[in-house]
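For reference, the structure discussed in these notes is given below.
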Amino acid sequence: MLRDEQDEAIIDRLYEAATIPEKWGGRGVLETLANLCDCTDSAIMSVRDHALAGWTANETAFPKLVVYLRDNWIAQNPYVESDERLRRFSQPRFVLATEVMSAEEMQENFYYQNFMRPYGMYWHAGTNVMSPNGDTVKVSVHRGYDAGPLDPKLVDRLNRLRPHIARACVMTARLRFAQLHAAVEVLNSVGLPAAALRDGRLEVANGLFEILMPDVVQHRRQRLTFLQASADQRWSSILEKPAMHRNGTFPISATEARPMMIVHVLPVAGAGRDIFPVADSLMIFASSETSQKIAPEILLSLFDFTPAEISVTNSMLSGTPIEEIARARGVSADTVRVQLKSIFAKTGTHRQADLVKLLGGIASASNIIDRPPAEKPRSH
């Protein structure tokens, strides 16, 4: 295949990954970018305030990045130690590591000698892309110390592809944002104030939610806050949980202007797998007038339940024992327990009682329909 034809094929794969994010990692697009520069490893990391928000890597780099995160090597990264190094890496192109630090500096640096060299990611080139949600997306290719510095001519090929890499990254984030916007608008259409949040901060809100600001809830830089102290205290305790387990229900007392409201906090389905995370939780307000208007299948689809998990959840909320669920479905009780374990993981709950409290208060179990969520594109 000629070089131009090869580049066209890579561009096609980049835009495919933009709509199917799973195609970035593993043996997907990042593997292709690594091979293009005679590298072994490639990764994408989404960073906010020098903290890692989301990431993926090709097959060889993935276990190395797991160690990188586990041991908090991002805090040792020498590129964030000075404004000058950050400036050099912020150029709109793939920048060689040796353009930011000299080879001598790399030889003497703790980060390079204790992680980058032992894990075979020593020589590298990277570029920064600004995501629409304010994160910095870092795309990089790496190879081991013994392979020597990267060939600038090969990195030039990455630079020809960089506009497409940047657009594909931005498209992935924008599509996720659009999905969340659609979710809160659906809830708006049935009379429910709703918002998508990230780390407690407001990212997307529907019109009914905006009406509640600032009298009920206030949009502050640090996090969303409730004017009612008891509600804010409960919300604060939910935020102390890991992102994928932020769920809970709490009341806001009635006032002369408003009836009592119940606030439901749910984890956003799939957020833990997002490369470019937009939101990790959904907040829904329901009053006595609207509590029965929520379409349960909409809420369950937000958890990314399979059809079987929706059916098991329906039975659980009806109070059906596991053994009866198994008999009705023609499977073993162990199979139902495995499905229930997945349900707990997706909802951030740990017991059947917690699951019933979370979902049972949202809508009557008799209204939950055994219907699969919308079909998603599958990676091949």
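The values are calculated or read from the model by the stated rules, or taken from the named source; none is laboratory data. Since the model is a prediction, treat every value here as computed from it, not as a measurement. All Cβ positions, even for glycine, are placed from backbone atoms using ideal geometry, and neighbour counts span all protein chains on display.
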Residue in the range 43-50 that is in contact with a Leu (Cβ under 7 Å, 6 or more places away or on another chain), farther than 18 Å from Phe276 by Cα, buried (at least 19 other Cβ atoms within 10 Å of the Cβ) and modelled with pLDDT of 85 or more present: no
Tell me which of these Thr56 doesn't satisfy, since it passes every other one: (1) buried (at least 21 other Cβ atoms within 10 Å of the Cβ); (2) farther than 18 Å from Asp280 by Cα; (3) within 20 Å of the chain's Cα centre (by Cα). (2)
Return only the number of the condition from (1) in a loop (DSSP other than H, G, I, E, B); (2) touching a Lys or Arg at 6+ places or on another chain (Cβ under 6 Å); (3) at pLDDT below 95 that Gly134 does not satisfy. (2)
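Taking the options Arg93, Arg85, name whichever one is closer than 25 Å to Val170 by Cβ and not in a helix (DSSP H, G or I).
Details: Arg85 fails: not in a helix (DSSP H, G or I).
Residue meeting the stated conditions: Arg93.
Restricting to the range 209-231, name every residue that is aliphatic (A, V, I, L, M) and without any contact (Cβ under 8 Å) to a residue 40 or more places away in the chain. Walk me through it before giving the result.
Keep residues of the range 209-231 that are aliphatic (A, V, I, L, M), which gives 211-213, 216-217, 224, 227, 229, 231.
Ile211, Met213, Val217, Leu227, Ala229, Ala231, listed by residue number.
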Taking the range 16-41 and keeping residues surrounded by fewer than 23 Cβ atoms within 10 Å (Cβ to Cβ) and acidic (Asp, Glu) leaves Glu16, Glu22, Glu31, Asp38
Any residue in the range 315-338 that is over 18 Å from Phe305 (Cβ atoms) and surrounded by 13 or more Cβ atoms within 10 Å (Cβ to Cβ) sitting within a Cβ distance under 8 Å of a residue that is polar (S, T, N, Q) and at pLDDT below 90? List the pairs, counting only those 6 or more apart or interchain. Glu324/Ser315
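Taking the options Arg223, Arg234, name whichever one is in contact with a strand residue (DSSP E or B) (Cβ under 7 Å, 6 or more places away or on another chain), within 30 Å of Lys138 (Cβ to Cβ), assigned by TED's automatic domain parsing to the domain that holds Ile211 and at pLDDT 85 or above.
Details: Arg234 fails: within 30 Å of Lys138 (Cβ to Cβ).
One residue alone meets the criteria, Arg223.
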Single residue of the range 240-251 satisfying the filter (surrounded by 13 or more Cβ atoms within 10 Å (Cβ to Cβ) and free of Cβ contacts under 8 Å to residues at least 40 places away in the same chain) that is farthest from the chain's Cα centre (by Cα): Pro251
Within the set of pairs 6+ apart or on separate chains, which have a first residue in the range 61-81 that is touching a residue at least 12 places away in the same chain (Cβ under 8 Å) and within 14 Å of His142 (Cβ to Cβ), a second that is buried (at least 16 other Cβ atoms within 10 Å of the Cβ) and polar (S, T, N, Q), and C-beta atoms under 9 Å apart? Ala61/Thr40; Ala61/Ser42; Phe62/Thr56; Leu65/Thr56
When the residues of the range 137-152 are narrowed to those that are farther than 12 Å from His124 by Cβ and charged (D, E, K, R), which ends up surrounded by the most Cβ atoms within 10 Å (Cβ to Cβ)? Asp151
Could you pull out every one of the helices (runs of 4 or more DSSP H) wholly within the range 315-358 that has 2 or more residues that are among the basic types (Lys, Arg) and at pLDDT 80 or above? 322-329, 333-347
Do you know which residues across the range 10-27 are within 29 Å of Asp146 (Cα to Cα) and either touching a residue at least 60 places away in the same chain (Cβ under 8 Å) or touching a Ser or Thr at 6+ places or on another chain (Cβ under 6 Å) (or both)? Ile10, Trp24, Gly25
Listed residues Arg198, Arg174; which is among the charged types (D, E, K, R), closer than 18 Å to Lys23 by Cβ and under 23 Å from the mean Cα position of the chain (by Cα)? Arg174
